[in-house]
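What follows is a set of notes on a single structure, which appears directly below.
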Amino acid sequence: MNKNILIIFILLTLTFSYKFKDNKVDETKSTENDTIYKNDSLTYILNANKKFIKDSLLKEKTGIIDHYFSLYQPDNCGVLTHRNSELKEGFEGIRIIKGIRTSKKNDTVFVMPNFNYCDDGESYCFYDKTLPRLYTDSYCCHPDNFFVCSDIDEDGINEVGIFYSSCVSRYKSLRIYSLKKNTWNEIAITTFDIMTKDPTEVKFSDLVKKISKYKFQICSFDKGQTKWKTIKMR
């Protein structure tokens, strides 16, 4: 009887030890898988994209990229990442422009791709952290397509404009924006038919002329005709 009890005890001990080892192996595998998942996660790739833009493309240390991501990368939108080679290929550099705030001589503009599925287009961004990005629904943004106008409403901030393209069609547009409550608001839009006028032959800022406070003219090119449209800001 005692011999049978001893055999049963040994069998139970071996079975318990085997299961315990299995559990330890499973925990190890789980930890390894978690590490792999974290390294391959979208957040990891997104952070790598941010670092590449900061260190390799912009080569600036003011924290502007972290600043923009903190403002425009919401948690409730799906993360969209890019290959660094794609970011490099699409990057056209920075451009020095006339100061957007009238107290500044110059500003710097560059184009940022979208990094989440809530944004459906690229944005014009600035080295000046006090300026919000100018978001568009276009994937054909270029630093040379951004221009600074006059301070039409005389609030100390120059109005700005973009030569807008949808990447297709002969019909583009000029779009003018005014900064109000830290948001760029569109105040005018006109047609730019590239079969009527070659955009490389004009200076975009010359196509917007201030008449008086709150009042300006903007040029349009459409079907062989050149017209000036008068706009009064609200």
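About the Cα centre of region 42-232, what is the dipole size in debye to 20, counting +1 per Lys and Arg Cβ and -1 per Asp and Glu Cβ, all else neutral?
Working: 29 positive and 25 negative charges, 112 e Å.
The calculated dipole for region 42-232 is roughly 540 debye.
What number comes out for the charge environment of residue 74, summing +1 per Lys or Arg and -1 per Asp or Glu over other residues with Cβ under 15 Å away? Before the final figure, lay out the partial values.
Values: positive: 133; negative: 75, 119, 120.
That sum, taken over residues with Cβ under 15 Å, equals -2.
Looking at region 87-187, which trypsin sites (Lys or Arg not before Pro) are in a loop (DSSP not H, G, I, E or B) and have at most 14 other Cβ atoms within 10 Å? Before the final figure, lay out each step's value.
Working: sites: 88, 95, 98, 101, 104, 105, 129, 133, 170, 172, 175, 180, 181; in loops: 104, 105, 129, 133, 170, 181.
Loop-located and lightly packed - 104, 105, 129, 170, 181.
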field: Loop GluC sites (Glu not before Pro), region 144-219 (other Cβ atoms within 10 Å of the site Cβ: 14 or fewer; DSSP)
entry: 154
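Quick one: net charge of residue 195's neighbours, Cβ under 15 Å, K/R +1, D/E -1?
Details: positive: 170, 172, 197, 223; negative: 193, 198, 201, 222.
The answer is 0.
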statement: P(r) of region 145-192 over all Cα-Cα pairs, 5 Å bins starting at 0, rounded to whole percent, reads 5, 21, 28, 22, 12, 8, 3, 1
- prompt: How many Å² of accessible area per residue for region 85-145, probe 1.4 Å?
  reply: 50 Å²
- prompt: So which chymotrypsin sites (Phe, Trp or Tyr not before Pro) in region 87-136 end up in coil per DSSP with only 15 or fewer other C-beta atoms within 10 Å?
  reply: 117
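Run the accessible area of region 42-232 with a 1.4 Å probe and give the carbon-and-sulfur part as a rounded percent. Present the calculation step by step, with values, prior to reporting the outcome.
Working: 4920 of 10140 Å².
Within region 42-232, the accessible surface is 48 percent carbon and sulfur.
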Net charge over other residues, Cβ less than 11 angstrom from the Cβ of residue 131 (K, R count +1; D, E count -1): +2
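The values are calculated or read from the model by the stated rules, or taken from the named source; none is laboratory data. Keep in mind that what you see is a predicted model, and the values were worked out from it rather than measured. For neighbour counting, all protein chains shown are included, and Cβ atoms are generated from backbone atoms with ideal geometry for every residue, glycine included. Note: accessible area is taken over every heavy atom of the protein model, side chains too, but ligands, DNA and RNA are not part of it. Shrake-Rupley method; radii C 1.70, N 1.55, O 1.52, S 1.80 Å.
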